[in-house]
1. What is the gain in length, in nm to one decimal, between GLU395 and VAL272 on full extension, counting 0.36 nm per residue of separation less the C-alpha to C-alpha distance?
2. How high is the FRET efficiency between ARG502 and LEU318 when r is their beta carbon distance and R₀ equals 41 Å, given to the nearest 0.05?
3. Once both labels are modelled 7 Å past Cα along the beta-carbon direction, what's the ALA419-ALA462 spacing in nm?
4. Once the piece of chain linking ALA164 and GLU405 is laid out straight, how much longer is it, given 0.36 nm per residue of separation minus the C-alpha distance between them?
5. How would you order 274-283, 294-303, 414-423 from highest to lowest mean count of nearby Cβ atoms within 10 Å?
6. In nm, to one decimal, how far is the modelled label at MET381 from the one at ASP304, with both set 7 Å along Cα→Cβ?
7. Rank these residues by their accessible area, most exposed first, probe 1.4 Å: TYR253, TYR512.
8. I want to check the label-to-label distance for LEU521 and LEU550. Put each point 7 Å from Cα in the C-beta direction and report it in nm to one decimal.
Amino acid sequence: MMEARLARFFVGRLRRRAASEAVHDAVASGILRVRQEDRTDFGSVAGARAFAVGPLVAGTSAEDALRMIRRSSAAGRARRSDDNADFFRTASVKLRSDGSRGGDGTTQADADGKTNPRVAHQARALLDAVRASAMPLRAGDVAAALLIAQAADKRGQPPAEIAAALSMLSPMVTVTAEVEGFEETVLGLLVGGVLAPGRVAVSEGSELSRSGSLRFSRARDPRWHAIVFKASELDDDGDWRERQLGFAAESGYPIVGISERGGVIPEALRRVAAVHLDCGPLTPDIVMNTMLVVLGSRHDDRLDPEHAAVLTLSDLALAVRPGQSPERAFELLGELGRRRVRAKQETGSTGSAGHATAGGLAKRKPGRDSGSGADVIQPRMPGSTTSDRFLPRIETLAGYGEAAEWAMSLKEDLELWRAGELAWSEMSTRILLSGPPGTGKTLFARALCNTLQVPLVATSVATWLEPGYLGDALRRMSATFAEAEAMKPAIVFIDEIDGIGRRERRGEWDQYWTSIVNRGLELLDGAVKTPGVIVVAATNNAQAIDPALLRSGRLEKHVDIQPPGIAALAGILRHHIGDDLEGIAASAAV
């Protein structure tokens, strides 16, 4: 059965990739040394003769070498295998390098260039120990590979025909799945050389333009280059999507389209694709086989198909972890599946419901579907309870000076705008707060949310940049403002806005940062033209912000917030202590 053969093939490649990374790290740390400088495939079993004992462990005992391997291993452990049992049983024997001298005065390489057999055995055993210390396979990687193997089998197309289609000069392939997290995982498998014969450097299709050059990700020793379109990052403009596909086709590179739950690959790409793999949702068999590969065994029972179908690859990563028992993993997967089914039913019938937090703000995490990574905080109205007295509102906070005046003026203007008596363009709706850490810039945004009684979309530049790829970051930036616009009037709070930097940066990543700043300018300009979106930005270092972001129409209002003075401290104490402040002050020693 092709599915079984292809599944075993992919799993084997995953294991070889993990071993390759472990050996690469061991070489970098000096545990191993490459004897053949042209070697690049560190995971090859046939390459044992290419390695020698490294300078870090030369002269140490095998036991000490194992400790070093454990410390350097990403997995934090080294497993003893039968292949190097003799090596471990003779832990007191010193490891010797090719060029070192033994106790008998002979070098480790004979006159004819052949390596001393004992030293060669030590090097092979050390290599085995390093490979055994490789990171365990990730459940998400395994599940995605098994889904692709299953989809290839369901095509009913002989492997030779699929291979012929992929051997075209510039093949186009589309892969879809109803599984959240599938796009990024498949991209990682592609880059890591699991799905193709060799590592692949990729260029994000969503960033293509006729005037711009292709920028490929840094894959170590890539054998191939390809352009990848992730459905979650495609532009909403259909005409622009078609042009980007055209630019990709003109480049002559292979094209790969990937989509996950909720994403749609452009119809034009689906029509011309030489191979289309529809992987569908996770199934009980896929989940159980993933458990078998990662944990070494699986649970005897089967998951409910409905529960398996709603699981995400992140769910698998949480439940199916090395060291976890199959019984516990099965229990966790069942609970996660039931929760997701309930959430889906509640969302379908009542919509998204927030929940009250300890800070007095109704908060929900939009999650991946929103694409922004932001927190959405709903306003709260103060009640008659004692705890409501501490609900943060601009009216009750002290020490904000000009920023508080701006907020109260905005409150009046917002009421006029809602009544249709004031145009949005005539209002001051964007402000930059700067000052040392701990001066309450984030608290100001939350208090403004309650004072204006509008939702707060809270994010930071670090959240935008978290995915790493430029396309991911730009999409998160746009999604933040789109989410606020959908709930308008609403506030967008951007923390650490100095992280955007300046366009004067020079070097290898200057185009990356220029694109980030330009997108920030576009979004702020759009907020000016979009009624209902208020922007509050915060920074500890205003000098690091690109001056264009501070010009009129953008973050033109700038208030520097310093640590509170005596009057502000008195106001803060009065807010928390209330009427007791005067009595406490009167009782103080003179």
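The values are calculated or read from the model by the stated rules, or taken from the named source; none is laboratory data. All of these numbers come straight from a predicted model, not from anything done at the bench. Here the Cβ positions follow ideal geometry from the backbone for every residue, glycine too, while neighbour counts run over all protein chains shown. We work out accessible area using only protein heavy atoms, side chains counted, and drop any ligands, DNA or RNA first. Shrake-Rupley method; radii C 1.70, N 1.55, O 1.52, S 1.80 Å.
1. On the way: separation 123, 0.36 × 123 = 44.28 nm, distance 6.09 nm.
In short, 38.2 nm is gained.
2. Details: r = 40 Å, r/R0 = 0.96.
Computed FRET efficiency for ARG502 and LEU318: 0.55.
3. 4.3 nm
4. Using 0.36 nm per residue and subtracting the Cα-Cα distance, I get 79.8 nm.
5. On the way: 274-283: 19.5, 294-303: 16.1, 414-423: 12.5.
Result, highest mean Cβ count within 10 Å first: 274-283, 294-303, 414-423.
6. Placing both labels 7 Å along Cα→Cβ, they lie 3.9 nm apart.
7. Working: TYR253 80, TYR512 40 Å².
From most accessible down to least: TYR253, TYR512.
8. Label at LEU521, label at LEU550, 1.6 nm between them.
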